[in-house]
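Before any comments, here is the structure.
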Ligand code: UDP
Ligand code: MG
């Protein structure tokens, strides 16, 4: 790739008035620097997305835009829709007017110095480059352990995620185009992006402390995100119910032996009239019911996967008799 590409840095912001001027300045410097190195074109820009902030965030974004209209863009959402949707709004808007995007949080906890490396990988033909933290020393013990538990849980549920990667990533125009074909409302970007495919790499960085303001992801929002991640990507919890039902039915056969032995031989003491039939019914019916619920669940799981209407594939390259036709040109 010879021509430098137009980069859009997408930054979702919710009540970030303390951080905004610092972030805008740092990213402006970074854009200049990258343009000088010839990694991006001079018309590259930062796109701040105001996710319905209640403080002065939007006024500050507008002021930054006034200062340098060509390098700072602003997008104001009508209300607070949450990080994942705000980021999507920014990415899809940026997709229309840039060649490549990098998404980063407003608090600059992710290292802006790895932009170089990300863009280098992009120029080497990667469509998606993940920013991955190589340590969590700066996070509190609580945040660190809950976050790591979260990745482990997701993996055990069969959801492909990149370990220690949040929403700091580079995406090419065609990767974004593929992403835009996922129309789902239950949005968990970290789960969707690995589904897209294409050439992918990681860059590693040290996660920094938030410079100003406080985390907009309290425990409640974190749990909601984890739940979203699991329930939008995995129907394994339903299979657990079926498995549990089968286990109970097997146990009911053991109970059958126990009850029959007690009834006929009175080994475990005398049985009361009605006890044997009741015991067996409880175990057996319970198991059958669980299996049935699980079975219905399996169908609901299939319906759920269908209604998402996810694309079934993305084309990377098509070699035909005429010429090499790459999805790039789409
Ligand atoms: N954010 C957002 N909408 C929300 C909550 C957060 O756009 O409803 C943005 C926030 O401004 C920040 C990013 O999402 O740029 C990540 O939030 P934060 O840094 O507070 O999360 P943490 O790093 O603590 O997980
Ligand atoms: Mg943060």
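Going by the conditions given, is residue 168 in contact (Cβ under 8 Å) with a residue 60 or more places away in the chain and either over 19 Å from residue 110 (Cα atoms) or within 16 Å of ligand 1 (Cβ to nearest atom) (or both)? Spell out the reasoning first.
Numbers: in contact (Cβ under 8 Å) with a residue 60 or more places away in the chain: yes; either over 19 Å from residue 110 (Cα atoms) or within 16 Å of ligand 1 (Cβ to nearest atom) (or both): yes.
Here the answer is yes, as residue 168 does meet what is asked.
Residue 258 fails exactly one of the following numbered conditions: (1) touching a helix residue (DSSP H, G or I) at 6+ places or on another chain (Cβ under 9 Å); (2) modelled with pLDDT under 80. What is the number of that condition?
Evaluating residue 258 over (1) touching a helix residue (DSSP H, G or I) at 6+ places or on another chain (Cβ under 9 Å); (2) modelled with pLDDT under 80 leaves (2) as the failure.
Kindly indicate whether any position in segment 178-185 is surrounded by fewer than 18 Cβ atoms within 10 Å (Cβ to Cβ), touching a strand residue (DSSP E or B) at 6+ places or on another chain (Cβ under 7 Å) and closer than 30 Å to residue 316 by Cα.
No: segment 178-185 contains no residue that is surrounded by fewer than 18 Cβ atoms within 10 Å (Cβ to Cβ), touching a strand residue (DSSP E or B) at 6+ places or on another chain (Cβ under 7 Å) and closer than 30 Å to residue 316 by Cα.
Which residues, counting only those in segment 170-187, are more than 21 Å from residue 44 (Cβ to Cβ) and part of a helix (DSSP H, G or I)?
Within segment 170-187, 178 is the sole residue that qualifies.
Condition first: modelled with pLDDT of 90 or more, more than 16 Å from ligand 2 (Cβ to nearest atom) and crowded, with 17+ Cβ neighbours inside 10 Å. Now tell me which residues in segment 203-237 satisfy that. Break it down into steps so the answer makes sense when it comes.
Quick first cut of segment 203-237, residues modelled with pLDDT of 90 or more only: 203-205.
Filter once more, so that each one left must be more than 16 Å from ligand 2 (Cβ to nearest atom): 203-204.
The answer is 203, and nothing else.
Hey, among 62, 135, which residue is at pLDDT 95 or above, surrounded by fewer than 20 Cβ atoms within 10 Å (Cβ to Cβ) and either over 18 Å from residue 215 (Cβ atoms) or more than 16 Å from ligand 2 (Cβ to nearest atom) (or both)? Walk me through it before giving the result.
Details: 135 fails: at pLDDT 95 or above.
Checking each option against the conditions leaves just 62.
Return the total of residues in segment 188-224 being assigned to a helix (DSSP H, G or I), within 16 Å of ligand 1 (Cβ to nearest atom), within 11 Å of the chain's Cα centre (by Cα) and touching a residue at least 60 places away in the same chain (Cβ under 8 Å).
We begin by selecting, within segment 188-224, every residue assigned to a helix (DSSP H, G or I); these are 189-196, 219-224.
Checking the rest, the ones that are also within 16 Å of ligand 1 (Cβ to nearest atom) come to 189-190, 219-224.
If we keep only those that are within 11 Å of the chain's Cα centre (by Cα) as well, we get 189-190.
Those still in the list that are touching a residue at least 60 places away in the same chain (Cβ under 8 Å) too: 189.
The number of residues fulfilling the criteria is 1.
Go over the candidates 92, 77, 27, 20 one by one and state the one that is surrounded by 15 or more Cβ atoms within 10 Å (Cβ to Cβ) and touching a strand residue (DSSP E or B) at 6+ places or on another chain (Cβ under 6 Å).
Numbers: 92 fails: touching a strand residue (DSSP E or B) at 6+ places or on another chain (Cβ under 6 Å); 77 fails: touching a strand residue (DSSP E or B) at 6+ places or on another chain (Cβ under 6 Å); 20 fails: touching a strand residue (DSSP E or B) at 6+ places or on another chain (Cβ under 6 Å).
Just one listed residue meets the conditions, 27.
When you go through 143, 137 one by one, which is the residue that is within 16 Å of ligand 1 (Cβ to nearest atom) and in a loop (DSSP other than H, G, I, E, B)? Spell out the reasoning first.
Details: 143 fails: in a loop (DSSP other than H, G, I, E, B).
Of 143, 137, the one residue that is within 16 Å of ligand 1 (Cβ to nearest atom) and in a loop (DSSP other than H, G, I, E, B) is 137.
Provide a single number: the residues in segment 84-113 that are within 13 Å of ligand 1 (Cβ to nearest atom) and not in a helix (DSSP H, G or I).
So in segment 84-113, the residues within 13 Å of ligand 1 (Cβ to nearest atom) come out as 84-91, 103-110.
Still in the running and not in a helix (DSSP H, G or I): 103-110.
Residues that pass the stated criteria total 8.
Could you please let me know if residue 33 is touching a residue at least 60 places away in the same chain (Cβ under 8 Å), surrounded by fewer than 21 Cβ atoms within 10 Å (Cβ to Cβ), away from ligand 2 (no atom under 16 Å from the Cβ) and not in a loop (DSSP other than H, G, I, E, B)? First the steps, then the outcome.
On the way: touching a residue at least 60 places away in the same chain (Cβ under 8 Å): no; surrounded by fewer than 21 Cβ atoms within 10 Å (Cβ to Cβ): yes; away from ligand 2 (no atom under 16 Å from the Cβ): yes; not in a loop (DSSP other than H, G, I, E, B): yes.
When the stated conditions are applied, residue 33 does not pass them.
Any residue in segment 140-148 that is surrounded by 16 or more Cβ atoms within 10 Å (Cβ to Cβ), within 24 Å of residue 232 (Cβ to Cβ) and either touching a residue at least 40 places away in the same chain (Cβ under 8 Å) or within 14 Å of ligand 2 (Cβ to nearest atom) (or both)?
Among the residues of segment 140-148, at least one is surrounded by 16 or more Cβ atoms within 10 Å (Cβ to Cβ), within 24 Å of residue 232 (Cβ to Cβ) and either touching a residue at least 40 places away in the same chain (Cβ under 8 Å) or within 14 Å of ligand 2 (Cβ to nearest atom) (or both), which makes the answer yes.
The values are calculated or read from the model by the stated rules, or taken from the named source; none is laboratory data. None of the values given here were measured: they were computed from a predicted structure. Positions of Cβ are generated from backbone atoms using ideal geometry, with glycine treated the same way; all protein chains shown enter the neighbour counts.
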